[in-house]
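The structure appears right after this line, and notes come after that.
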C-alpha cells in the first residue's frame, strides 16, 4: 500500500496516515483490436472470478482507502454485462471509490455510466489513423462529436505516444486542437511501457520532450513516485481559446508501483508485472 505520496513539484511529502491503493482490474484477455503495442492480442478466452474479486475488494476496503478502481483488459467492454456488474459492486462497497474504464470505445453504448466516474477512451492518432493502429474499425470523428454532446464530462482521451503518430510537441498540440474541436477537453499522453519489441522500437519518452514550449501551455504540477513513474499536469488553451486539461505520464518500472494493485482475472498482484500476493 502507498504510505508516502508521490513527490509533488520535487518536494518530498510526509506520511499523513492516509494510506491508499489504486486497484486495476483486468476483466479479460480478449480484445476486438490487434494493437502492436499491446501484449494481449490473442483473443483468448478467460474466466473472471467475480466472487474472489468481491472478497478482495471488500477486504481492501476494510484495511485501506481505495483511491480508485480501474477496469482494463484486453478490452473490458467485450464483457460489458460483467463490467456493469462490477461497477455497481464497487459503488455498493464504497460509493466514494473513483471508478474508471479503459476502453477503445467498443460496445460503449452498453456501459452503465450511472456507476462510472471516468471513461478513458483510447485514441492514438487522428480519425482513420486509429483504425490502422487498433487493427479494427473504431468510432469515427463524427461519432465522437455526437458522443461529446452527451457524456463528454465523463470521458477523457488517452493517447499513447508512438513514433510516426503522436510523437512530438507539435503532434500533441495538434491532437489537443483536433479533439477539442470535437468537444473533448481532457487528455492523457502516456509513454509506452517497453513490454515488447514494438514498444521498445517506437517508444517516445515524454520527459525528453519540451512540453513547456507547446503553444499556450502552462505546467501545473509534477509528481514522481520514486523509480516507478513520473507524471505532470498541464493546461493548454487551444486555437479557439478553450481551456484543455491534460497529463503526461511515464511508467519506469511497474514492479515498483507499490500503490498499484492488480486483480488479474482471478489473482491479486503488485503492479502489472509484480509478484502475486493472493493466488
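Laboratory data are not the source of any read-out in this text; all were calculated from the coordinates shown. Model, not experiment: these values are computed from the prediction. Heads up, the Cβs are rebuilt from the backbone with ideal geometry, glycines too, and the neighbour counts pull from every protein chain shown.
Overview of values
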quantity: Proxy reagent accessibility, fewest Cβ within 10 Å first, across 225, 127; calculated: 127, 225
quantity: Extension gain (nm, one decimal) between residue 114 and residue 200, 0.36 nm per residue minus Cα-Cα; calculated: 27.1 nm
quantity: Kirkwood hydrodynamic radius over Cα pairs of region 71-175, then Stokes diffusion coefficient at 37 °C and 0.692 mPa s, in µm²/s; calculated: 223 µm²/s
quantity: Against the rule of thumb 2.2 N^0.38 Å, how large the Cα Rg of region 130-230 comes out; calculated: 1.17
quantity: Theoretical FRET efficiency, 1/(1+(r/R0)^6), r = Cβ-Cβ of residue 279 and residue 219, R0 35 Å, to 0.05; calculated: 0.25
quantity: Kirkwood Rh, Cα atoms: Rg over Rh of the chain; calculated: 0.94
quantity: Relative contact order computed over the chain (Cα-Cα under 8 Å; 6+ residues apart), in percent; calculated: 19 percent
quantity: FRET E, pair residue 150, residue 52, Förster distance 22 Å, beta-carbon r, rounded to 0.05; calculated: 0.05
quantity: Neighbour-count order for 220, 101, fewest beta carbons within 10 angstrom listed first; calculated: 220, 101
quantity: Potential extension, residue 127-residue 142 segment - 0.36 nm per residue separation minus Cα distance; calculated: 4.5 nm
